[in-house]
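Engineer: Once you've had a glance at the structure underneath, I'll fire off some questions.
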Amino acid sequence: MSVARALGIKQIEAHVIEVITRVGASRDLTIADLPRKSHERVFRERVPLPADKAARIRPSDKLGYGHLAEAMEAWAFRAGQERGELLDREKAAREWFDTEYEPVVEALREANELGDGTETDAYLRVGPERYDRLVVSPPDEG
């Protein structure tokens, strides 16, 4: 159906089987959308968030899903090391969202620093820099 729709074909003869996927596909899905959906699917397998939290994860660039999954997995590793326990993916995903992603996004929102794009874009943008922003450097003794 998606191929016929993308080619502008109005009618085709078909045997239809409904397929339920982890990542929904709306009627306006095009062939160009498939790489993004693939990245989103892999992200959701690696970071199994509840639906309401997952709905907030929307990077503008499809590669953002991979960067975000890496960030969550690194966070989960550090959290597990601190606690002396291995966090399962679901627990890690929920805790990462609640204690890392959401507070950073809210701080950016309050500081009016979300910038262009989505809240996820803002989180990804400041991720590498955020420790520099949060840590106060000692004054120069010059």
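The values are calculated or read from the model by the stated rules, or taken from the named source; none is laboratory data. Not measured: the values here are computed from a predicted model. Cβ sites come from the backbone with ideal geometry, for glycine too, and all protein chains shown count toward neighbours.
Engineer: With (1) in contact with a Lys or Arg (Cβ under 7 Å, 6 or more places away or on another chain); (2) at pLDDT 95 or above; (3) outside any helix (DSSP H, G or I) as the list, and F97 as the residue in question, which single condition is left unmet?
Structural biologist: (3)
Engineer: Please count how many residues of the stretch 10-32 are under 22 Å from G117 (Cα atoms) and either modelled with pLDDT of 70 or more or in a helix (DSSP H, G or I) (or both).
Structural biologist: 2
Engineer: What number of residues within the stretch 110-132 are part of a helix (DSSP H, G or I), modelled with pLDDT under 95 and out of contact with any helix residue (DSSP H, G or I) (no Cβ under 7 Å at 6 or more places or on another chain)?
Structural biologist: Final tally of qualifying residues: 3.
Engineer: Let me ask something additional. At negative phi, at pLDDT 90 or above and part of a helix (DSSP H, G or I), is that true of R5?
Structural biologist: Working: at negative phi: yes; at pLDDT 90 or above: no; part of a helix (DSSP H, G or I): yes.
Criteria not met by R5.
Engineer: Answer yes or no: is there a residue in the stretch 65-87 that is on the phi > 0 side of the Ramachandran plot, surrounded by fewer than 18 Cβ atoms within 10 Å (Cβ to Cβ) and assigned to a loop (DSSP other than H, G, I, E, B).
Structural biologist: Within the stretch 65-87, one or more residues are on the phi > 0 side of the Ramachandran plot, surrounded by fewer than 18 Cβ atoms within 10 Å (Cβ to Cβ) and assigned to a loop (DSSP other than H, G, I, E, B).
Engineer: Go through the stretch 33-60 and give me each residue that's under 25 Å from G115 (Cβ atoms), without any contact (Cβ under 8 Å) to a residue 24 or more places away in the chain and surrounded by 13 or more Cβ atoms within 10 Å (Cβ to Cβ).
Structural biologist: D33, A54
Engineer: Step by step: first the residues of the stretch 33-60, then only those that are more than 11 Å from the chain's Cα centre (by Cα), closer than 20 Å to D121 by Cβ and not acidic (D, E), then the one that is modelled with the highest pLDDT. Which residue is that?
Structural biologist: S38
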